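Following: one structure in structure tokens, then a few remarks.
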Amino acid sequence: MTDALRISALTKSFDVGKRLFGPSKAQVRAVQPLTLTVAENETLGIVGESGCGKSTLARMLVGLLPPTSGTIEIAGAALDNADPAVFGRKIQYVFQDPISSLNPRKTIRDILQAPLKHLHRMDGPARAARIREILAAVNLREEFLERYPHEFSGGQAQRIGIARALAADARILILDEPVSALDVSVQAQVLNLLADLKAEFGLTYLFISHDLAVVEAVSDRVAVLYFGSVVEIGSARQVFAAPRHPYTRLLAQSAPVVGRALKAPEGRETELPDPLNPPEGCAFRARCPRAQAICARQSPELTAVGGGVELACFNPLDVAAPDTA
Amino acid sequence: MAGYILKRLLSAIPVLLGITVIVFLIMALIPGDPATAILGSYATPENVEKLNRDLGLDKPLVQQYFIWLGNMLTGDFGTSFALNRPVLDEVLERFNATLVLAGTAFVICSVLGVAAGVVSAAQQYGLADKAITFVVLLGISIPSFFLGMMMILLFSVNLRWFPVSGMWPIYGARDIWALLDHLVLPALALAVVATGVIARLARSAMLEVLRQDFIRTARAKGVPERRVIWGHALRAAMVSIIPVLGIQAGFVLSGAVYIEMVFQWPGVGRMLVDAILKRDILLVQGGVVFVAACYVLFNIAVDVAQSLLDPRIKT
Amino acid sequence: MTAFLKLLARNRLALAGLIVMGLVAGLALVTPILPLADPDVTDTANRFKPPFSEGALLGTDHLGRDLLSRLLHGTRLSLAVGIAAAVVAATLGAAIGIIAGFYGGRTDNVIMRGVDMLMAFPYILLALAIVAALGPGLMNALIAVAAVNIPFFARNIRGITVGIAHKEFVDAARLSGMTDARIILTEVLPNVVPVIVIAMSTTIGWMILETAGLSFLGLGSQPPQADLGSMLGEARSALISNPHTSIVPGAMILIIVMAINLLGDGVRDALDPRLRSGALSRPLPATEVRRKGPVPAHDGEGLLALRDLETRFHVKDRVYKAVGGVSLSVRPGECLGIIGESGSGKSVTALSVMGLVASPPGVITGGAVYYDGQDLIGAPYSTLRRLRGEKVAYIFQDPLATLHPLYTVGDQLIEAIQVHHPVAKSEARARAIDLLKSVRIPNAESRIASYPHEMSGGMRQRVGIAMALANDPDVIIADEPTTALDVTVQAQILAVLDDLRRDRGLAIVFITHDFGVVAQLCDRVAVMYAGRIVEQGRTDEILRAPAHPYTSKLMECVPELGEGRRRLEAIPGLPPLVDRLPDGCAFAERCHRVQPDCRQGELTLEATNDSRKVRCRHPEPITRERAS
């Protein structure tokens, strides 16, 4: 199986305190050197809390942000968005906020036509036929075509966003929190639709979310991000059923679950590290109950620990550690 | 804070240089020969050439600019040919009068405008709101010079409450009461437009703020409504009102030109208009640069006030 | 476009402005063909004739010229110059602003520094300098006025463009294969045009005033040609002896500019979507109450008891029944959960208790809220204010937006104490520090001087909780207090709330959309759908065996950790809009157990046992156990 996406040593830094000329005063690392591959027809889930760099990563993958260093390969070729008309056929993006990702002054037909026109140079009748197919695929009625985005609910708007991504006919979809703005009853509809589309068109997904349960329900593999780095990656079942990294376990235990007593899952410092003044060593050590001397000196590297799991921790939890400690 | 003020002052230097460049370039556009204009009927080719040399006008443009700039930095703004007097002396004297007029008007329009806007927003769609909205509309629609003329007609000529024009009585003591007597009408006429603009802005800023969640929080705490409006809401609204006060100060200063004409106020605006009509270029240049520089400094003061109010601004 | 005209016509003031402007513009257009005297022919024998004289309707000026004719010709000139200046300034300014805003970075920086430089001049100085250079004349005045206004437009439009350029639909357009030029033209411009039109319509009046001003100073139109400004300028010397020569042109300027401003405001109101929906109105100190029916009596149950509460939103001609008859009660030491999706009315229910629903558009139209036996709905504002924060306190969702950005958290806490208790500031301060400690904020003594933006989301929400606790209230209403927070932070906040409730015997009403949160914190729960409670009872019972089909379906929709990769249950369709509720059960359309009788008549909330109530004619079989 070839890899749909291959990311190696990718980083992104943002300037802080820009000046008109000359270098800026400081830099903030949003994404630390990051290496990942997504196999064709796979769903890789990416979980992490706000500020962990997951959206920055997604925007780099679709060429909306230039990486600071590192490489991105899409379907075997280096990312090249010099010609937007070629690039858009390879990879597409589904946005978090379904309403603001649709231009309020365009009809749904105009929105769906744009990729057909600019990426595939289709003529009028061909476009109309293709739009009908796509609408059927995302379960939207054709009468919606002449309406404007504000006339739709969040769930419908997100279907339109997905339809637009489908219209580009790209094999790889980056889904950036596609359901976090939706109510649960609608969220399930959209997640099931995404699963159907994947099976029907043989798509590859990179699914980004802060909701562990959602990620678990849709992903083949899961990568857990903390402070711009992958701390644990492996098959979805394995990572959540038996987390090895203390942060993964903290996440899993924090998610409110019916039938589990309420308790504060950590007593120590709870703030994220200051990105302007990143700590030496492991970024999680200040919150980590298992931190040791080495964690303050050295950053742990992501290493394979067997069972398809890779881990960045000097003192990981045992494989057999119960997830509800 | 001192560091922030210093930083803002330093950042004003390029702006001030930019101002001198713009003024210099605009003046360099002037068609024809200043010397010819100055000499008028005495212009003979020899006289013109001599004067051009004396004024440094035979040198390249860039060199002329730096000479002019260097002279200004040493306080030498040149000599007005029409008044036969150093430009700086004349500008300083006139600017004093403008400052009295515009400063008074600015205080009036800031206080009245903000107060009217707050009342208007708090009573939205109520009687007070409608009355204020109408007066404000009238205020921003009336030319200040026409308003000034009508005020003279009513209050000076018909009612004889105030003097018709000037800054000081022709005879009698030049004390503060005499000044106030002369100041009331022009300052009011000047303040009206800016009051309207500020009131409108303050109203919409207040309406915007009153819908914010933190106002609901204040109410949920049980904060009395008066304090919600004049404390929580106004304070937050000032963040967007203060920059407009800075801009309006420029409009008050601009409006002063008309008011000075109408009320024969011996200010810098009237001086500039006279200088333009007489083609007294050095006086125009000097006056414009001086007033613009003062305005830049004033805007730094506005920024500092803003940073004192809003802790989110990095100082 | 027709909708826009309709909106404009509905605004009576704007319509008046439009009519006056139409008349003036019409007159100006036909001026050359009207039987008027030549405006520039002097007739010194007939100077200063008063208005309504023979042959001169408005009189004559100091040179005996017909004022009516000069007025109309002057109006023509002033209008043309003002509008031309506005169009030039708007076009150039908008172009500069869009380019700076769209490309950002250094392009933006350099352009905006230049604009700032121009704005560093009081505008008239720049105009005077330009006129000084070009020489007096109407055309040069036009250039000067347009030039000094370009920076204002550029800055305004840039701000709007930056906002749009960062919208996700621009990114989407880029991924749809569009080039920058096409994105500017088809994505950005259509969203900026309304702003340009608004800016232009609200500044044309100003431009007319400015050009008139330059002419008044003698720097605009030159004799004998006259616009309204120079007519005034010439009349000034005769102001006292012959005021009519001043009043005529001055009044004309006033009329024109006022009409334009009225029209401009109307255009702004019609084009601004926020103003259009009537959203920009300030909420009253307490929600408006218009109860029609009889006030339901208190049945003595609970410290806080809602009885048939109805809250509606009146937006234009639509009525949204956000809360359609909700009855709830909560006892001391108890935590009651209200769960529902967005639009279910759960937050509006919570805010109605203390009259905090934004009004307009919110109106409480029925029911009662009893606190300690006293009806709060319809209680005078002073009573409501005394109880707010003192007896019933709130915790809100987004802790950044709900704290005042310009006061330190200490000042906000101290105020919360002092508005109800006249204690010294030092005492209030000490109490504030205690409060921060009680919600486990580290270094409370130094944190008290922090501003909200200096804290993390979790810390801010702790401050929000501390503020709610400030006066030891009996009831706390928490409106989705953890929704905006990360899961690890949410777990901590929930733990804090749970401890406080047990330590202090607080009654908590907890609004959420998350069953996991309800399960962990709440003793009882009410499930809301389309403004009504559909099921209510002990949390463990409902979670174990939901009776209402909506509750059971909703629980199945929520993915839970540990169940692996799977297909989720979904509820088909969408919740009904609360301005068009169907007959019968609001959930019938989406229900898997729907029967024909579900779509008729009023459904009541029936008690199934002493603690359980369900609003359903065909509930789930009671024996059904939910595997979890």
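List of remarks:
- The one condition in (1) out of contact with any Lys or Arg (no Cβ under 8 Å at 6 or more places or on another chain); (2) surrounded by fewer than 23 Cβ atoms within 10 Å (Cβ to Cβ); (3) assigned to a helix (DSSP H, G or I) that C:ILE96 fails to fulfil: (1)
- Scan of the stretch C:505-520 for residues that are touching a Gly at 6+ places or on another chain (Cβ under 7 Å), within 19 Å of C:ILE465 (Cβ to Cβ) and within 9 Å of chain A (Cβ to nearest Cβ), ordered by number: C:VAL518
- Any hit, the stretch C:453-465, residues being over 26 Å from C:GLY355 (Cβ atoms), aliphatic (A, V, I, L, M) and surrounded by fewer than 21 Cβ atoms within 10 Å (Cβ to Cβ): yes
- Taking the criterion of being within 14 Å of chain A (Cβ to nearest Cβ) and surrounded by fewer than 20 Cβ atoms within 10 Å (Cβ to Cβ), the only residue of the stretch C:143-164 that qualifies is C:GLY163.
- Sub-6 Å Cβ pairs linking a first residue in the stretch C:284-306 that is under 9 Å from C:ALA368 (Cα atoms) to a second residue that is among the β-branched types (Val, Ile, Thr) and in a strand (DSSP E or B), at least 6 apart or interchain, are C:LEU306/C:VAL326; C:LEU306/C:VAL369, ordered by first then second residue.
- Spans of helices (runs of 4 or more DSSP H) in the stretch A:91-187 with at least 1 residues at the interface with chain C (Cβ under 10 Å from one of its Cβ atoms) and in contact with a His (Cβ under 9 Å, 6 or more places away or on another chain): A:154-167
- When the residues of the stretch A:190-212 are filtered to those that are buried (at least 22 other Cβ atoms within 10 Å of the Cβ) and under 22 Å from C:ALA491 (Cβ atoms), the one that is farthest from the other protein chains (Cβ to nearest Cβ) is A:ILE208.
- Within the stretch B:77-134, the set of residues being of a type in the set (Ser, Thr, Tyr) and in a helix (DSSP H, G or I) comprises B:THR98, B:THR104, B:SER110, B:SER120, B:THR133.
- Among the residues making up the stretch C:453-489, those that are part of a helix (DSSP H, G or I), within 11 Å of chain A (Cβ to nearest Cβ) and touching a residue at least 24 places away in the same chain (Cβ under 8 Å) are C:GLY457, C:GLY458, C:ARG462, C:VAL489.
- Some residue of the stretch B:237-249 being within 10 Å of another protein chain (Cβ to nearest Cβ), within 22 Å of B:GLN124 (Cα to Cα) and in contact (Cβ under 8 Å) with a residue 12 or more places away in the chain: yes
- Hits in the stretch A:168-191 (condition: of a type in the set (S, T, N, Q) and within 22 Å of C:PRO576 (Cβ to Cβ)): A:SER185, A:GLN187, A:GLN189
- Residue within the stretch B:182-197 that is surrounded by fewer than 20 Cβ atoms within 10 Å (Cβ to Cβ), under 25 Å from the mean Cα position of the chain (by Cα) and of a type in the set (Ser, Thr, Tyr) present: no
- Within the stretch C:532-576, being more than 8 Å from chain A (Cβ to nearest Cβ), on the phi < 0 side of the Ramachandran plot, part of a loop (DSSP other than H, G, I, E, B) and free of Cβ contacts under 8 Å to residues at least 60 places away in the same chain holds for one residue alone: C:PRO576.
- Qualifying residues in the stretch B:134-150 (those that are surrounded by fewer than 20 Cβ atoms within 10 Å (Cβ to Cβ) and more than 8 Å from every other protein chain (Cβ to nearest Cβ)) - the one nearest to B:VAL257 (Cα to Cα): B:VAL135
- Considering residues of the stretch C:165-182 that are hydrophobic (A, V, I, L, M, F, W, C) and without any contact (Cβ under 8 Å) to a residue 60 or more places away in the chain only, the residue farthest from the other protein chains (Cβ to nearest Cβ): C:ALA181
- Just so you know, in the stretch C:589-623 the residues that are closer than 17 Å to C:GLY324 by Cα and aliphatic (A, V, I, L, M) include one that is surrounded by the most Cβ atoms within 10 Å (Cβ to Cβ), and it is C:VAL614.
- Selection status of C:ALA181, more than 28 Å from the chain's Cα centre (by Cα), farther than 30 Å from C:LEU128 by Cα and assigned to a helix (DSSP H, G or I): yes
- Scan of the stretch C:296-318 for residues that are at pLDDT 90 or above and farther than 25 Å from C:GLY537 by Cα, ordered by number: C:ARG312, C:PHE313
- Any chance A:VAL62 is surrounded by fewer than 17 Cβ atoms within 10 Å (Cβ to Cβ) and under 19 Å from A:ARG171 (Cβ atoms): no
Rundown of residues vs (1) of a type in the set (A, V, I, L, M, F, W, C); (2) crowded, with 24+ Cβ neighbours inside 10 Å; (3) more than 27 Å from B:PRO14 (Cβ to Cβ), yes/no style:
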residue	(1), (2), (3)
C:LEU79	yes, no, yes
C:THR107	no, no, no
C:VAL110	yes, no, no
C:ALA120	yes, no, no
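The values are calculated or read from the model by the stated rules, or taken from the named source; none is laboratory data. Treat the numbers as computed from the prediction; the structure is a model and nothing was measured. Neighbour counts are summed over all protein chains in view; Cβ atoms, including those assigned to glycine, are modelled from backbone coordinates with ideal geometry.
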